[in-house]
């Protein structure tokens, strides 16, 4: 086998990003999957006003996802703004928040399984907690959960995942799945039984960054706060641009980009990020 080598033309380097997905099927028997039936105003010690575990989960969901748009916040209008929640910012097909009551179920999926986020439209669950029958639920691709082949407690006048008919929410980038409907799935099975015995299916998401000479995978844990991105060498800017996009998607505010060496003589197509550097080569 013969090999031919040549130099890299730096003016023709192209950076591309590609999202890839992997299918998972996980059951409630897996230790890493956490499922909780939450309840509001549930205390382990009322004299100390100390919430129980199920009460803590209810408050976690309310404060992070359901303050804005929920009837729980209707008495105080200052909470009815989108920045008080971690919901999807989609005005055409919104993520519904009008069903959040005093009880429900929540499933937490570890990030090691879903990567950057759960692919919208890929999530489904079959729950067999109730001996009277299974509950099958899917997501609509916009953060809402809807029941499959069931209209027992639904309005036929609206779409299956409308604000009337949806039964919960999925927060793709956090791996949080909340079942908030308290009505009946069928005549003998209720949504409140979800959480003891189930199988979930979904596709994970990972972005692969490629150039003519490398393939890279970047990962960051979702969170909040201000960050400064620091790198050693700035060449085409592909890695720095990808890192900025990933940090923003994960929930961080980028306040600066700093590199040790800036190779300014290398063309940078589509790179518009302000960068501070200690050494510049023109």
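FYI, it's all coordinate maths here, none of it is from the lab. All of these numbers come straight from a predicted model, not from anything done at the bench. Here the Cβ positions follow ideal geometry from the backbone for every residue, glycine too, while neighbour counts run over all protein chains shown.
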Mean Cβ-within-10 Å packing, highest first, puts peptides 229-238, 255-264 in the order 229-238, 255-264
Taking the Cβ of each residue in 224, 37 as the centre, tally the other Cβ atoms inside 10 Å and list the residues starting with the fewest.
224, 37
Order of 189, 167, 126 under a 10 Å beta carbon neighbour criterion, fewest first
126, 189, 167
With a Förster radius of 30 Å, plug the Cβ-Cβ distance of residue 219 and residue 93 into 1/(1 + (r/R0)^6) and report the FRET value to the nearest 0.05.
0.55
How would you rank 182, 192, going from fewest to most other Cβ atoms within 10 Å of each one's own Cβ?
182, 192
